[in-house]
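Have a look at the structure below before the remarks.
The values are calculated or read from the model by the stated rules, or taken from the named source; none is laboratory data. Everything quoted here is computed from the prediction, not taken from an experiment. Every residue, glycine as well, gets a Cβ built from its backbone with ideal geometry; the counts of neighbours run over all protein chains shown. Just so you know, the surface numbers come from the protein's heavy atoms only, side chains and all, with ligands and any DNA or RNA stripped out. Shrake-Rupley method; radii C 1.70, N 1.55, O 1.52, S 1.80 Å.
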Amino acid sequence: MIRRETRLVWGMNKLLPLLVLLSSPLAAAQPLVTGASPATIADNGALAAKLNWDDKQDFDFAARGFVGTLADPIIRDKNGAVIRDLSEEAGFSGPAPATVNPSLWRNATLLAKHGLFQVRDGIWQVRGFDLSNMTIIRGQTGWIIVDPLTTAEIAAAALALVNEKLGTRPVTGVIYTHSHGDHFGGSAAVVATADAAAGKVPVIAPANLMAEAISENVIAGPAMTRRADYMFGWLLPRGVTGHVSSGLGPTRARGTVTLVPPNDSITNSGEIRTIDGVRFEFQLTPNTEAPAEMNFYLPDLQALCMAENANGAMHNLLTPRGALVRDASGWAGYLLEARRRYAGKSEVVFTSHFWPRWGSGEIDRYLLLHAQAYAFVHNESVRLMNSGLNAVEIGETIALPPPLARAWFNRPNYGSLKFNARAVYQRYLGAFDGDPVNLDPLPRGAAAVRYVTAMGGAKKVMALAKTAASNGEDRWAATLLGHVVRADPGNAKAKEALAQRFEQLAFRAEASPWRDFYLSGAKELRDGVQAPPQPAANTIGANLQVASLLDTMSVRVVPERALGAPFTIAFVIPDMNERHFVTIANGVMLHEQGVTAAADATLTAPRRALVAMVGGQARAADLLTAGTIAIAGNPAVLQRFMTLFEPPRAQFPLVTP
């Protein structure tokens, strides 16, 4: 039995990775080879002429309150490996180069400012170390930490800077504003799990944060992770022909991703907590930028935290890496609610990204124009949808009204107006646009072969693409060349031509995810499918709930392997008082919780032991010997169970067949 169980776990630890999206690192790459074309230079110049360069307010706000930064710009892990080099940011200054959209370059220069900044007496932020900000609030006896960054190493460096500049104090409270990893991943560096579990340090989060933080990227995690490699430029070098900004922050840092579970949840707007003598009033904003999210107001400091619901740039209603479509109308509503509740009595607003804004009048304007922008995207997309336009046509047609577009915090440096409009369409109507020709379209490869043949062959299509490119029609040239590459994957000239068109589209892109997608696609065409370096350590999987674990396993089943005689397995989790019943029949794995029916085999294991077995951190033989787990019934059923699964493909092509 022990031998069988050892093989069982060997198979189980290949079913995931879990949440690797939270820990994928930056990677080196060869420099790109083309400069900006005349058409790219002209398009960027035309955009620059329309932008509100007279508004220099953000440059004041981004620099205001600077206290200092690290004397040594290199942050390393425990093995000495570099996980963040702050000196990179010195390269993002001066006029926009020809290879970067001028609006995105402005974003990069502002986000390049790094260090400790005072927001108000009693409030500071560490900015520029990571994709997100860490906010520090002075309590009566210690520091209250809001959103402790993405990784423990970066959070530790940020806290060390705080203690160096402001005086050493203990951490007496932690707040997670929402359920994305760049807002809790460094938590273990600021609070011990044991202290949180014992209630010695309050760790406060919006309701359902744990479930959302663990589950959001589990089921579709491999596909999201692969697309995130492209969206965040993790395969690209930093620089004027590579990754310049993540839109929300300079870049996402590497290191160890952690999650100290909260010990207090906010379940209703208006709830008040006092942490180390500081009063907090919370506003729940579920299903806005994150499934579990909240803002808060500090009445004694007249300060408002808008989490990631308000930003210095347009956000995503549907992130290009993939996620559930966000509710633009509801998002606008929560911004208006915060404006009504807090703007008139706030002297400063700060957020989980970007820089603060000061003055009640400015805060009122900021929240109103932000809300109007999200409401407009929703309302205009629906109006055009009801006029008969499909998602692509809506994206091509929609434009923010000039008063909204002139506000820099509504510029599409992270979220894209086109992409957001298409997301609204998708939320209401799905991917099908109502045209019967799109009910059953040909697969990409089959369609590509037919298109290339119909147009007279690859040489003719490439000639058409060359003419289009010379006319500045890079979108059309890329469409033509994409068909050639899929019809003939070995056509090196077509690959290079498409890579060059992607570069020109990247150099025009105002949204950082679009730039990084295009440049990553160009890299794939030139260098083939590449994986980023091994992800840093990730301890979040230890918090995975058994229901999510089994649901994830169900989407790894190869249907042909799950035919034959049906069977059942029970998973008994004594420490959670849970029983999970799994049925395998007709090519499908079904999971039910709480069912007490007899099973062909039963595995009894504490939650953490089961998760550790699946993740490969523990051996079943050792757990059996220690009496931690037990198997009852027919062990051959468990052995058959483990033959059903196929691990997801970690690195698959997005551009090439």
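Looking at region 193-201, can you tell me whether even one residue there is open to solvent by less than 10 Å² (accessible area, probe 1.4 Å), over 30 Å from V244 (Cα atoms) and out of contact with any Lys or Arg (no Cβ under 6 Å at 6 or more places or on another chain)? Steps first, answer last, please.
So in region 193-201, the residues open to solvent by less than 10 Å² (accessible area, probe 1.4 Å) come out as 196.
Remaining after also requiring over 30 Å from V244 (Cα atoms): 196.
Those still in the list that are out of contact with any Lys or Arg (no Cβ under 6 Å at 6 or more places or on another chain) too: 196.
Looking for residues that are open to solvent by less than 10 Å² (accessible area, probe 1.4 Å), over 30 Å from V244 (Cα atoms) and out of contact with any Lys or Arg (no Cβ under 6 Å at 6 or more places or on another chain), one finds at least one in region 193-201, hence yes.
Yes/no per residue for (1) at pLDDT 95 or above; (2) among the hydroxyl-bearing types (S, T, Y); (3) surrounded by 13 or more Cβ atoms within 10 Å (Cβ to Cβ):
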site: A431; (1), (2), (3): no, no, no
site: A446; (1), (2), (3): yes, no, no
site: L464; (1), (2), (3): yes, no, yes
site: S470; (1), (2), (3): yes, yes, no
site: V485; (1), (2), (3): yes, no, yes
site: E496; (1), (2), (3): yes, no, yes
site: R501; (1), (2), (3): yes, no, yes
site: Q504; (1), (2), (3): yes, no, yes
Item to check | Filtered residue count, region 242-258, keeping only those that are assigned to a loop (DSSP other than H, G, I, E, B) and either open to solvent by 40 Å² or more (accessible area, probe 1.4 Å) or touching a strand residue (DSSP E or B) at 6+ places or on another chain (Cβ under 9 Å) (or both) | outcome: 9
Item to check | region 607-657 - residue that is out of contact with any helix residue (DSSP H, G or I) (no Cβ under 7 Å at 6 or more places or on another chain) and among the polar types (S, T, N, Q) and, of those, farthest from T583 (Cα to Cα) | outcome: T625
Checklist entry - Can you name the number of the only condition in (1) buried (at least 23 other Cβ atoms within 10 Å of the Cβ); (2) at pLDDT 95 or above that G181 fails? => result (2)
Next on the checklist: Yes or no: region 351-363 includes at least one residue that is at pLDDT 95 or above, in a helix (DSSP H, G or I), open to solvent by less than 30 Å² (accessible area, probe 1.4 Å) and not acidic (D, E).
Outcome noted: yes
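Taking N386, is it touching a residue at least 24 places away in the same chain (Cβ under 8 Å), among the polar types (S, T, N, Q) and farther than 21 Å from P286 by Cα?
No; evaluated as a whole, the condition is false for this residue.
Can you give me the number of residues within region 118-159 that are within 20 Å of V203 (Cα to Cα) and part of a helix (DSSP H, G or I)?
Here is the first cut: in region 118-159, the ones within 20 Å of V203 (Cα to Cα) are 122-126, 132-156, 158-159.
Keeping just the survivors that are part of a helix (DSSP H, G or I) gives 152-156, 158-159.
Of the residues in that region, 7 qualify.
Please determine, by comparing only the residues of region 259-290 that are part of a loop (DSSP other than H, G, I, E, B) and among the β-branched types (V, I, T), which one is surrounded by the fewest Cβ atoms within 10 Å (Cβ to Cβ). Spell out the reasoning first.
If we filter region 259-290 for residues that are part of a loop (DSSP other than H, G, I, E, B), which is where we start, we get 259-263, 267-271, 276-277, 285-290.
Narrowing the set further to residues that are among the β-branched types (V, I, T) leaves 260, 267, 285, 288.
Values: V260: 25, T267: 10, T285: 27, T288: 26.
Per the stated criteria, the residue is T267.
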Item to check | Pair list, Cβ under 9 Å, 6 or more apart: region 112-138 residue farther than 11 Å from L161 by Cα and without any contact (Cβ under 8 Å) to a residue 60 or more places away in the chain, other residue assigned to a strand (DSSP E or B) and hydroxyl-bearing (S, T, Y) | outcome: W124/T135
Item to check | Sole residue being out of contact with any helix residue (DSSP H, G or I) (no Cβ under 7 Å at 6 or more places or on another chain) and at pLDDT 95 or above, chosen from A292, A307 | outcome: A307
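Scan region 87-111 residue by residue and report those that are among the aliphatic types (A, V, I, L, M) and buried (at least 20 other Cβ atoms within 10 Å of the Cβ). Give the derivation first.
We begin by selecting, within region 87-111, every residue among the aliphatic types (A, V, I, L, M); these are 90, 96, 98, 100, 104, 108, 110-111.
The answer is V100, L104, A108, L110, L111.
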Next on the checklist: Take the residues in region 144-178 that are more than 19 Å from the chain's Cα centre (by Cα) and within 19 Å of A197 (Cα to Cα); name whichever of them is most open to solvent (accessible area, probe 1.4 Å).
Outcome noted: P170
Item to check | region 623-636 residues that are closer than 13 Å to P574 by Cβ, paired with ones that are assigned to a helix (DSSP H, G or I) (beta carbon under 8 Å, 6 or more apart) | outcome: T628/A609; I629/A609; I629/L610; I629/M613; I629/A620; I629/L623; A630/L624
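Here are R279, R254: which of them is under 30 Å from R411 (Cα atoms) and either of a type in the set (K, R) or free of Cβ contacts under 8 Å to residues at least 24 places away in the same chain (or both)? Write out each step before concluding.
Numbers: R279 fails: under 30 Å from R411 (Cα atoms).
Of the residues listed, the single one that is under 30 Å from R411 (Cα atoms) and either of a type in the set (K, R) or free of Cβ contacts under 8 Å to residues at least 24 places away in the same chain (or both) is R254.
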Next on the checklist: Please go through region 164-201 and give me each residue that is in a loop (DSSP other than H, G, I, E, B) and not hydrophobic (A, V, I, L, M, F, W, C), ordered by number.
Outcome noted: G167, T168, R169, P170, Y176, T177, S179, H180, G185, G186, G199, K200
Next on the checklist: Please go through (1) open to solvent by less than 10 Å² (accessible area, probe 1.4 Å); (2) among the β-branched types (V, I, T); (3) touching a residue at least 60 places away in the same chain (Cβ under 8 Å) for V325 and return the number of the only condition it doesn't satisfy.
Outcome noted: (1)
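Of R84, R76, R64, which residue is under 27 Å from the mean Cα position of the chain (by Cα), charged (D, E, K, R) and open to solvent by 40 Å² or more (accessible area, probe 1.4 Å)?
Working: R84 fails: open to solvent by 40 Å² or more (accessible area, probe 1.4 Å); R64 fails: under 27 Å from the mean Cα position of the chain (by Cα).
Just one listed residue meets the conditions, R76.
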Checklist entry - Given the conditions (1) part of a helix (DSSP H, G or I); (2) open to solvent by 10 Å² or more (accessible area, probe 1.4 Å); (3) more than 16 Å from T285 (Cβ to Cβ), which single one is not true for V377? => result (2)
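Quick one: is G456 more than 23 Å from R501 (Cβ to Cβ), in a loop (DSSP other than H, G, I, E, B), open to solvent by less than 80 Å² (accessible area, probe 1.4 Å) and without any contact (Cβ under 8 Å) to a residue 60 or more places away in the chain? Step through it out loud before you land on a result.
Numbers: more than 23 Å from R501 (Cβ to Cβ): no; in a loop (DSSP other than H, G, I, E, B): yes; open to solvent by less than 80 Å² (accessible area, probe 1.4 Å): yes; without any contact (Cβ under 8 Å) to a residue 60 or more places away in the chain: yes.
In short, no.
Enumerate the strands (runs of 3 or more DSSP E) found wholly within region 556-657, keeping only those where 3 or more residues are open to solvent by 70 Å² or more (accessible area, probe 1.4 Å). Explain how you work it out, then say what you get.
Working: elements: 567-573, 578-585, 588-593, 601-604, 630-633.
In region 556-657, 588-593 are the strands (runs of 3 or more DSSP E) which contain 3 or more residues that are open to solvent by 70 Å² or more (accessible area, probe 1.4 Å).
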Checklist entry - Here is a list of conditions, (1) part of a loop (DSSP other than H, G, I, E, B); (2) in contact with a Leu (Cβ under 6 Å, 6 or more places away or on another chain); (3) of a type in the set (D, E, K, R), and D433 meets all of them except one; can you say which number that is? => result (2)
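Yes/no per residue for (1) over 30 Å from R64 (Cβ atoms); (2) crowded, with 24+ Cβ neighbours inside 10 Å; (3) at pLDDT 95 or above:
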site: R365; (1), (2), (3): no, no, yes
site: L368; (1), (2), (3): no, no, yes
site: S381; (1), (2), (3): yes, yes, yes
site: Y414; (1), (2), (3): no, yes, yes
site: K418; (1), (2), (3): yes, no, yes
